[in-house]
Amino acid sequence: MGHMDQRLSTDVVDHRNGQYVPILDQEDPQLGKFDQPLPCFGCGIGWFSLLLGFVCPFMWYYATILYFGNYYRRDPRERSGLAASAIAALICTIAVLITVVVILLRSL
């Protein structure tokens, strides 16, 4: 409790001196970093790619490259959407391979 009182008093002193005081969470200093909305209409690149992939499946592969390139380290909120797009790319690839094998076998 004494540590919190001391921190508060220094903030007040800094404020009186006309200096800006950063607003941070003491337990998790990176928490304030992710207050901004995600790109692509606020849903993130991964989820946006997942939805757009139903129209253009190449978007799933683009998001997969971002996922394996550790793009989500910039913003951990992107990880789930990029992983979902990677799974969609895997399912799409398997479906295309099965379709090609069936077409080849029927043509013989």
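Data for the structure
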| quantity | calculated |
| --- | --- |
| Residue tally, condition open to solvent by 70 Å² or more (accessible area, probe 1.4 Å) and either in contact (Cβ under 8 Å) with a residue 24 or more places away in the chain or under 15 Å from C43 (Cβ atoms) (or both), over the range 69-89 | 3 |
| Residue in the range 49-68 that is in contact with a Cys (Cβ under 7 Å, 6 or more places away or on another chain), open to solvent by less than 40 Å² (accessible area, probe 1.4 Å) and not charged (D, E, K, R) present | yes |
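The values are calculated or read from the model by the stated rules, or taken from the named source; none is laboratory data. Worth saying up front: this structure is predicted, and the values here are computed from it rather than measured. Positions of Cβ are backbone-derived with ideal geometry, glycine not excepted, and every protein chain shown enters the neighbour counts. Surface accessibility is based on the protein's heavy atoms, side chains included, excluding ligands, DNA and RNA. Shrake-Rupley method; radii C 1.70, N 1.55, O 1.52, S 1.80 Å.
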